[in-house]
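J.: One structure, pasted below without further comment.
Readers should treat all values here as calculations from the given coordinates under stated rules, not as data from a laboratory. Quantities reported herein were computed from a predicted structural model and do not represent experimental measurements. Quick reminder, even Gly has a Cβ in these numbers, built from the backbone with ideal geometry, and neighbours come from all protein chains shown.
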Amino acid sequence: MKNFISRILNSKLVQQYSSSPEVRRKARFKLLNRYAKKNDLQLYRHNLIWYHDEEFLRARAKSITGVPDDRCFTLLDLARKTRAIAGDIAECGSRFGRSATFMLTGRGPASEKTLFVFDSFEGLSEPTAEDRLEGGEAYWSKGDILAPIEIIKENLKDYPKVQIMQGWIPARFPEVADRSFSLVHIDVDLHQPTLDSLEFFYPRMTTGGFIVCDDYGSEHCPGARRAFDEFFADKPETVLHLTTGQCVVTILETSRPATA
């Protein structure tokens, strides 16, 4: 597959098609798109403007492994939308810090918002019955997706107002119990830590803020989807499933339980 795509991108047919880089790019896209459709795959359209967004490109230039580009742009843009909304930013499950980088870029260079990163840095916790697939087994195992804390510290060292809260969710949540939040990104793959995150952060969200789940549309993470659907079943907000696989909840101006 890799060699085939490389041949398309560097084929003499494309090179001779035109001296214009833009025309050659479109020709490559047509060839790749034809191959993708034949194999039941899909490419992003070359005319989508988000992929050329200046802030997106600046964050992407960090070359950090992790969350795919489309999901990262969603987070960046939601962070931009909350610049004028009171409240900090929280991320539950960060691994190498790629998604955090895009939210930090989106919050703006002069932002007073603090990003709180919650992660065990020991991989995932133990899956429960809620995380099992139809066959009866969970996709994930305890300790999967482990990332040493030193990596995220290095990746985020140039950003001000970042606090890395190492520990199993929800052990360190009480340390921010007196704060409000405008954006919360939940990427913990499993039911229980997803539910714990929702129960803690929802009553501390500011009106117009967003809660995002990275795992909502993944067939590997049925527990995360169940946690969101169950939690918001009796709430006024709607869980919007995005084509990226994420879901986003916009916090409405309504009464929510008082924070403890």
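J.: Can you give me the angle between helix 222-231 and the longest principal axis of the chain, using Cα atoms only, in degrees from 0 to 90, rounded to the nearest 10?
T.: 50 degrees
J.: Grab the chain and count how many Lys pairs have their alpha-carbon atoms under 23 Å apart, sequence gap of 8 or more, or different chains.
T.: The number of close lysine pairs in the chain is 24.
J.: How far, in nm, would the chain grow between Thr65 and Ser20 when pulled straight, counting 0.36 nm per residue and subtracting the alpha carbon separation?
T.: 13.0 nm
J.: Within segment 202-227, what residues put their amide N at less than 20 Å from the label point 7 Å along the Cα-to-Cβ vector of Ala233?
T.: 202-203, 213, 216-218, 221-227
J.: Separate question: How much length is gained if the chain between Arg179 and Glu150 is pulled fully straight, taking 0.36 nm per residue apart and subtracting their Cα-Cα distance, in nm to one decimal? Before the final figure, lay out each step's value.
T.: Values: separation 29, 0.36 × 29 = 10.44 nm, distance 2.64 nm.
Extending this stretch completely gives an extra 7.8 nm.
J.: What does the extension gain come out to for Glu55 and Glu122, with contour length at 0.36 nm per residue minus their alpha carbon separation?
T.: Contour length minus the Cα-Cα distance gives 21.0 nm.
J.: Rounded, prolate or oblate for segment 128-260? Axes are the square roots of the Cα gyration tensor eigenvalues, ordered a ≥ b ≥ c, and the cut-off for rounded is a/c under 1.5.
T.: oblate
J.: Given the rule -39500 (n - 2.57) for each run of at least 4 DSSP H residues, summed and divided by the residues of the chain, what is its mean residue ellipticity at 222 nm, to the nearest 500 deg cm²/dmol?
T.: Helix contribution divided over all residues of the chain: -10000 deg cm²/dmol.
J.: Now a separate question. In degrees between 0 and 90, to the nearest 10, how far off the longest principal axis of the chain does helix 98-107 point, with axes built from Cα atoms?
T.: Roughly 80 degrees, rounded to the nearest 10.
J.: In whole Hz, with x marking every Gly and Pro, tabulate ³J(HN,Hα) for segment 176-190 from phi via Karplus 6.51 cos²θ - 1.76 cosθ + 1.60, θ = phi - 60°.
T.: Each residue's phi maps through the Karplus curve to give 10, 5, 8, 10, 10, 9, 9, 8, 10, 10, 10, 9, 10, 6, 10 Hz.
J.: If you keep only loop residues by DSSP, which chymotrypsin sites (Phe, Trp or Tyr not before Pro) in segment 67-130 have at most 10 other Cβ atoms within 10 Å of their Cβ?
T.: Values: sites: Phe73, Phe96, Phe102, Phe116, Phe118, Phe121; in loops: Phe96, Phe121.
Hits after loop and neighbour filter: nothing returned.
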